[in-house]
Amino acid sequence: MCKPPTLLALVLICTTGCIGSGNHPTKNEPERARGESSLYDRLGGGPAIYAIADNLIERTMSDPRVNLGRTGHQHVWTPTPDHVAELKTYWSQFLGMLAGGPQLYEGRNMLDLHRGMDISQPEWDAFMDDFRQVLAVSHARPADQQELLARVAGTHDVIVDK
């Protein structure tokens, strides 16, 4: 049974095509009909997605340009071991879902989550730069890296403060 769509799911539907379950169509059906694998499979499935999420969080936590902890803002985030583990779990769910995998993102919707965080365009750009670097050392093909980057980039307007 499907969960009601969150704002994130609606954003993903608009940016990546239908997100399916059961008999509903998915963006990856044309690939599968041609015998091609989904982006999720091409990236290496669950273990590779988790490794990407893990490396991304580690890199962004140490990058002051991203300001993941929101230092100087009202929504300061303390990277305790539990908070970091939770963030990695949410990111692996999010990336897996974006790539057409079986994961369901169980975090808060993107708009509510980022409201009031005052995330700037330079912080977003730094995050995307870190993401590119993480993908560059993964085993993913360049075209698959670009596809995943584009899907994440589709969330820009609900994350970056205007």
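The values are calculated or read from the model by the stated rules, or taken from the named source; none is laboratory data. Predicted, not measured: the structure shown is a model, and the values here were computed from it. Methodologically, a virtual Cβ is constructed for each residue, glycine included, from the backbone with ideal geometry; neighbour enumeration extends over all protein chains shown.
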Practice problem: Determine which single condition residue 135 fails, assuming it passes every other condition in (1) out of contact with any Phe, Trp or Tyr (no Cβ under 7 Å at 6 or more places or on another chain); (2) closer than 27 Å to residue 38 by Cα; (3) surrounded by fewer than 19 Cβ atoms within 10 Å (Cβ to Cβ). | Solution: (3)
Quiz item: Could you say which residue among 85, 136, 153 is within 20 Å of residue 49 (Cα to Cα) and either polar (S, T, N, Q) or touching a residue at least 12 places away in the same chain (Cβ under 8 Å) (or both)?
Solution: 153
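If you take the residues of region 134-162 that are acidic (Asp, Glu) and farther than 22 Å from residue 44 by Cβ, which of them is modelled with the highest pLDDT? Steps first, answer last, please.
Initially, region 134-162 is screened for residues acidic (Asp, Glu), giving 144, 147, 157, 161.
Those left that are additionally farther than 22 Å from residue 44 by Cβ: 157, 161.
Working: 157: 92, 161: 84.
My answer is 157.
Go through region 109-121 residue by residue and tally those that are over 18 Å from residue 149 (Cβ atoms), part of a helix (DSSP H, G or I) and of a type outside the set (D, E, K, R). Let's see the steps before the verdict.
To start, the set of residues in region 109-121 that are over 18 Å from residue 149 (Cβ atoms) comprises 109, 111-118, 120.
Right, trim to part of a helix (DSSP H, G or I) and you get 111-114.
Add one more test, that the residue is of a type outside the set (D, E, K, R), and what stays is 111, 113-114.
Residues in region 109-121 being over 18 Å from residue 149 (Cβ atoms), part of a helix (DSSP H, G or I) and of a type outside the set (D, E, K, R): 3 in total.
Does residue 74 fit the bill of being within 23 Å of residue 62 (Cα to Cα) and either without any contact (Cβ under 8 Å) to a residue 60 or more places away in the chain or buried (at least 17 other Cβ atoms within 10 Å of the Cβ) (or both)? Steps first, please.
Details: within 23 Å of residue 62 (Cα to Cα): yes; either without any contact (Cβ under 8 Å) to a residue 60 or more places away in the chain or buried (at least 17 other Cβ atoms within 10 Å of the Cβ) (or both): yes.
Criteria met by residue 74.
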